[in-house]
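Working notes, beginning with the structure itself.
Coordinate-derived values only; no laboratory data. Note that this is a predicted model, so its numbers are computed, not measured. Glycine gets a Cβ as well: all are built from the backbone with ideal geometry, and neighbour counts include every protein chain shown.
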Amino acid sequence: MKVDTLNYIRFWGVRGSYPAPFGSHMRVGGNTSCVEMRVDNHILVCDGGSGIIPLGNALMGQQDIKELTVILTHYHWDHISGLPFFVPAFVPGWKINIYGPGDSQQEIERRISGQMLDPYFPVELETWMADINYIMTENNQLEYGPFKINTFNVHHPGSTFGYRIQVHDKTIIYASDNELLFIDKNIADRKSEFEPEEWQLIEAMRTEEKNKTIEQIRNAHVFIHDAQYTPEDYAKKRGWGHSCYIDTANFAMDANVKQLYLFHVDPNYNDAKIEDLHRATTKMIHDRQSRMECHIAREGLIIDIDKL
Ligand SMILES: [Zn+2]
Ligand SMILES: [Zn+2]
């Protein structure tokens, strides 16, 4: 597809958990997490799920860019499984910078290469012919071309990042996997076990945690966030590290987000179901008299950054 704008965000993979290449899912898309941000001829890629494979193939047809930076939220399969098939990594002359959770460059490399070890994959990481540069930062901040990137921790099993990205005076938040109501999971059913003073402390902790999250996403122009479950499925999957779309929409409105993109949607949900959830979210927004826009993050969707 030809892209008419110079500075844009493009969704290459929007599913959570595992690829869903089913006929009933194609309006939303079947690939797992991968979002490209291209500004001033610099490419920042969020996550390397199966969606990074078609991105890599598309880059092979272009001559002008030979470097990019990949920022990983964490190393669950749905966020790295496309990397062993990412063609630019195999091509000499390309430079690929990779950042993600880890205490050293070696640890980041090990976490990525583990999925390519025998007997899980036919060739190992040494077959990557590009110049691969693993990034460490002192303060969880990094800059790449026009992108200023801040890292924050989210609630997901293991060490997992969300990213607050500043570019051309616009703020984009990418948090693919995050259970917004994780504290409630632990205590909601146990209120009777606590003394009133203890419960007050817990309530204060919940409020503080909520306020911290809202500050992290406040005033974002684009908020790409975990919206994996319906309330019914979330009730069964509390503690798995994902959010119900209703919680995602409420946090986004509380934080004065301009555009919300429902992301990392459940691979069990077909197009009709996700479109129903989107309609329900739109009604919620209307009922709260908010002006926030809400969209389904569909594979192939392009957001013009200059028009935000
Ligand atoms: Zn995930
Ligand atoms: Zn995960």
Simple Cβ-charge dipole of the range 8-307, Lys/Arg +1 and Asp/Glu -1, about Cα centre, in debye nearest 20:
760 debye
Filter on Lys148/Lys210; Lys210/Lys258; Lys212/Lys273; Lys210/Lys237; Lys212/Lys307 - keep pairs with C-alpha separation over 23 Å:
Lys148/Lys210; Lys212/Lys273; Lys212/Lys307
Note the direction-averaged projected area, equal to a quarter of the hull surface, for the Cα convex hull of the range 8-307, in nm².
17.0 nm²
The relative contact order of the chain, taking Cα pairs under 8 Å that sit 6 or more residues apart, comes to a percentage of 19 percent
Determine the distance separating the Cα centre of the range 54-72 from the Cα centre of the range 111-139; give it in Å without decimals.
17 Å
What list of ³J(HN,Hα) couplings, whole Hz, do you get for the range 115-123 from phi and the Karplus terms 6.51, -1.76, 1.60, once you set θ to phi - 60° and write x for glycine and proline?
6, 9, 6, 4, x, 8, 7, x, 10
Quick check on packing: order 196-205, 283-292, 13-22 by the mean number of other C-beta atoms within 10 Å, highest mean leading.
13-22, 283-292, 196-205
Among all helices in the chain defined by DSSP H, which have a length of 30 Å or more along the axis from Cα atoms plus a Kyte-Doolittle mean of at least -0.5?
none
By average C-beta atoms within 10 angstrom, highest first, the peptides 89-96, 117-124
89-96, 117-124
With -39,500 (n - 2.57) per DSSP H segment of 4 or more residues and division by the full residue count of the chain, the 222 nm estimate, nearest 500 deg cm²/dmol, is -8000 deg cm²/dmol
Built amide H within the under 5 Å cut-off of Trp12, gap 5+:
Cys34, Val35, Glu36, Gly300
For the range 174-308, what does the alpha-carbon gyration tensor say about shape, rounded, prolate or oblate, given a ≥ b ≥ c as the root eigenvalues, a/c under 1.5 as rounded, and a/b over b/c as prolate?
prolate
Less than 14 Å apart at the alpha-carbon level, and either on another chain or at least 8 residues along: which aspartates and glutamates does that give for Lys95?
Asp64, Glu67, Asp131
May I ask which residue of Pro92, Ser104, Ile217 lies farthest towards the positive end of the charge dipole of the range 8-307, with charges of +1 (Lys, Arg) and -1 (Asp, Glu) on Cβ and the Cα centre as origin?
Ile217
Between the range 7-48 and the range 144-194, what is the C-alpha centre distance in whole Å?
19 Å
